[in-house]
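For reference, the structure discussed in these notes is given below.
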């Protein structure tokens, strides 16, 4: 009997030791969604490479204040990742503090998810991470089906000091796990 217990215990332990892939996979490159985004104000937005403190990122360069609204379905277990900074190329205006916001809307309700404050004294990239998992996947509800919704991902920039300036969203993307990316690619084809 003792051997059987040990054998069963060994099988349970070995079954729990399988390799789990947790490497994030890019599901959405937000730079590629730029042309289909709503831009407020309609001018002043551009895509450019920005190097700050020796680290270069393909970036969304945005006026402050502004709002960029990107319509798209969201992947399961999605996380918006970006690096943010004040634009070092702006030298013709006084330095000013900026609040960057990430939010999600369904055209009825806007949910503010993440705020990042950039100050003139900080000259490096700031990591931005926003969990979007509540906006995809199966939910126990008769009425709420987030996978059927084209969400509005909102990247906003507010002038805290009331002084217009320019901010940078570096390498903005939405990542998920390998299984979520595969499912998302298939589901996204249905929305096109």
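Figures for the structure shown
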| quantity | calculated |
| --- | --- |
| Out of 128, 154, sole residue that is within 29 Å of residue 54 (Cβ to Cβ), touching a strand residue (DSSP E or B) at 6+ places or on another chain (Cβ under 6 Å) and part of a strand (DSSP E or B) | 128 |
| Hey, residue 187 in contact with a helix residue (DSSP H, G or I) (Cβ under 9 Å, 6 or more places away or on another chain) and part of a loop (DSSP other than H, G, I, E, B) or not | no |
| Test: residue in region 40-56 that is surrounded by 19 or more Cβ atoms within 10 Å (Cβ to Cβ), more than 16 Å from residue 171 (Cα to Cα) and touching a strand residue (DSSP E or B) at 6+ places or on another chain (Cβ under 9 Å) | no |
| Complete set of residues in region 71-102 that are within 13 Å of residue 155 (Cα to Cα) and either out of contact with any strand residue (DSSP E or B) (no Cβ under 6 Å at 6 or more places or on another chain) or surrounded by fewer than 19 Cβ atoms within 10 Å (Cβ to Cβ) (or both) | 71, 81, 99, 101 |
| Count of residues meeting criterion [touching a residue at least 24 places away in the same chain (Cβ under 8 Å), outside any loop (DSSP other than H, G, I, E, B) and touching a helix residue (DSSP H, G or I) at 6+ places or on another chain (Cβ under 9 Å)] in region 31-76 | 5 |
| Filter pass, residue 115 being in contact with a strand residue (DSSP E or B) (Cβ under 7 Å, 6 or more places away or on another chain) and under 20 Å from residue 171 (Cα atoms) | yes |
| Residue ID - nearest to residue 38 (Cα to Cα), chosen from residues in region 105-144 that are in contact with a helix residue (DSSP H, G or I) (Cβ under 8 Å, 6 or more places away or on another chain) and modelled with pLDDT under 90 | 136 |
| Residue in region 163-184 that is over 15 Å from the mean Cα position of the chain (by Cα) and assigned to a loop (DSSP other than H, G, I, E, B) present | yes |
| Residue within region 121-129 that is over 16 Å from residue 30 (Cα atoms), over 20 Å from the mean Cα position of the chain (by Cα) and buried (at least 16 other Cβ atoms within 10 Å of the Cβ) present | no |
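The values are calculated or read from the model by the stated rules, or taken from the named source; none is laboratory data. Keep in mind the model is a prediction, meaning the values are calculated, not measured. Glycine also receives a Cβ, built like all others from the backbone with ideal geometry; neighbour counts cover every protein chain displayed.
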